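Heads up, the thing below is written out as structure tokens.
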Amino acid sequence: MDFFSNLLHLVLLCISFSLIFLIYKQKSTRAKFPPGKKGWPVIGETLEFVMAGKRGTPEMFINDRMSKCSQELFKTSLFCENMAVFCGASGNKFLFSNENKYVISWLPPFFLKVLLPESLENFSPEDSIKIRRAVVEFLMPETLQYFIPIMDSMAKKHLETDWSPYKQVKVLPLSMKYTFALACRLFMSITDPNHVTTFADPFALIVDGLTSVPINIPGTIFNRAIKAGKVIHQELLEVIQQRKKDLLSENNATVARDFITHTLLALDENGRSVMNDLLISSNIVGLLLAGHDTTSSAITFVLKYLADFPHVYNEVLKEQMEIARSKGPNALLNWDDIKKMKYSWNVAREAMRLIPPSSGTFREAITDFTYAGFTIPKGWKAYWTPHSTHKNPKYFPNPEKFDPSRFESNGPAPYTFVPFGGGPRICPGREYARLEILVFMHNVVTRFKWEKAISDEKITCKLSPIPVDGFPIYLKPHNHKD
């Protein structure tokens, strides 16, 4: 009797488990995942994604899948992660508007291994919020307007030293040199060229490492990038420690009011510092990375389009010369001058529409949610990119045409022009980048005209798009009597 009783219990238990499995299976099959394919095991479609960038056509990876799968959303697998790629203005709006509700910021782990100190590789969302808040507060327009004369004087010195003595220059490496030196000056008050070099050289290794195969063994590009990251953080910690000593000195009124000082003086409601030294260091690395890559890329391609379209160059020159003639001979640019550079900024925006300085950023789903009728499970990664809208004829008629007038009046529809992202996670350095680009445009067009040395130079993408030969140009200095 006991045998049959036990057998009955076993049968009932099996039936119960079967029902649970069927219910779970029915529930899981009800979930409708985005269309698309994940590619190869483990690596997914990472190789295709990277190669599209190296060929200078990162938009092809996006456009091909939008045409085959969906104009709104498709799935893929990148960097060993299930990835939902949000497309179009609606997709951009959804991701930008649901930060911390459905998604949070995410970077591939190998990025963090290079960029962050080891003790911060698993830093908390609270740390991320602190970092972003500090940058936003420091880069407010009210603060940035005081940087304009510094930007102007450094641009003048840079062009006088590194451009004027030569008949031919390469724009990309020189723009990188200028933007990085400016970032060191404004964020850390470092002006000594040798000290700037101690940061610039390892930073070049970091950029190479972030776009390499992430194999951490001695001799690899990735391994050198990790070592370079450690060097930079050590240098930064020494600068931060010295700044602390300066602030504790009796004559601290003369201490530079840069980003380091700003964060050291920021206190919470209990009177404690809001950030430790490692977080400050990590913050500066992010700022320097933007100064090293994205802004210099934007400046380079603005100059490319000015060379391609002489009538556009002439209009920019006219606007900038009116500003120059309204000032005294040694007067530096100010906030009011920047506000007059409307056409120049339209030109810069059109350049960034056609060749965005960033290909997009990642998010991580913190809960299951649905979009466009598809389920995005918790733990999946999400990706948005300007390439789904910037050359989309739905938003920009005749999208391959360079036309600054697109930005006149009300400009493009919301969430279609997104070189800096949008929503709560919009790039906090967007206004800094605008000032940097416009100040450089003012100085270079009022001093030179130029021609391309290579008529059809190819473009490739690392962290940002770059001309493969550095965009060499022939300089034609203006006659200052004109």
Explain nothing, just the number: relative contact order of region 31-477, from Cα pairs under 8 Å at least 6 residues apart, as a whole percent. 27
Which of the three applies to region 31-477, rounded, prolate or oblate, going by the alpha-carbon gyration tensor with a ≥ b ≥ c and a/c under 1.5 meaning rounded? oblate
As an exercise, use a Förster radius of 60 Å and the Cβ-Cβ distance of T191 and T57 to find the FRET efficiency, rounded to the nearest 0.05. 0.90
Run the helix sum for the chain: -39,500 (n - 2.57) per DSSP H stretch of 4+ residues, divided by residue count, reported at 222 nm to the nearest 500 deg cm²/dmol. -17000 deg cm²/dmol
The long-range amide H neighbours of G422, using H built 1.01 Å from N in the peptide plane and a cut-off of under 5 Å, are C427
If I take every Cα pair under 8 Å that is 6 or more residues apart in region 361-449, average their sequence separation and divide by the length, what percent do I get for the relative contact order? 17
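Rounded if a/c is under 1.5, else prolate if a/b beats b/c, else oblate: with a ≥ b ≥ c from the C-alpha gyration tensor eigenvalues square-rooted, which is region 429-482?
oblate
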Sorted by chain and then number, the residues having a modelled amide H within less than 5 Å of the amide H of I376, at least 5 places away or on another chain, are F369, T370, Y371
Report, to the nearest whole %, how much of the accessible area of region 43-107 belongs to carbon and sulfur atoms, 1.4 Å probe, protein only. 53
Chymotrypsin sites (Phe, Trp or Tyr not before Pro) within region 124-190: which are DSSP loop residues with at most 12 other Cβ atoms inside 10 Å? Y166
Qualifying trypsin sites (Lys or Arg not before Pro) for region 415-482 [loop in DSSP, other Cβ within 10 Å: at most 11]: K458, K481
The chain, accessible area per residue, ligands and nucleic acids excluded (1.4 Å, Å²): 50
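The values are calculated or read from the model by the stated rules, or taken from the named source; none is laboratory data. Just so we're clear, the structure is a prediction, and the values are computed from it rather than from any experiment. Counting neighbours? That spans all protein chains shown, and the Cβs are built from the backbone with ideal geometry, glycine included. What goes into the accessible areas is simple: the full protein's heavy atoms, side chains included, and nothing from ligands, DNA or RNA. Shrake-Rupley method; radii C 1.70, N 1.55, O 1.52, S 1.80 Å.
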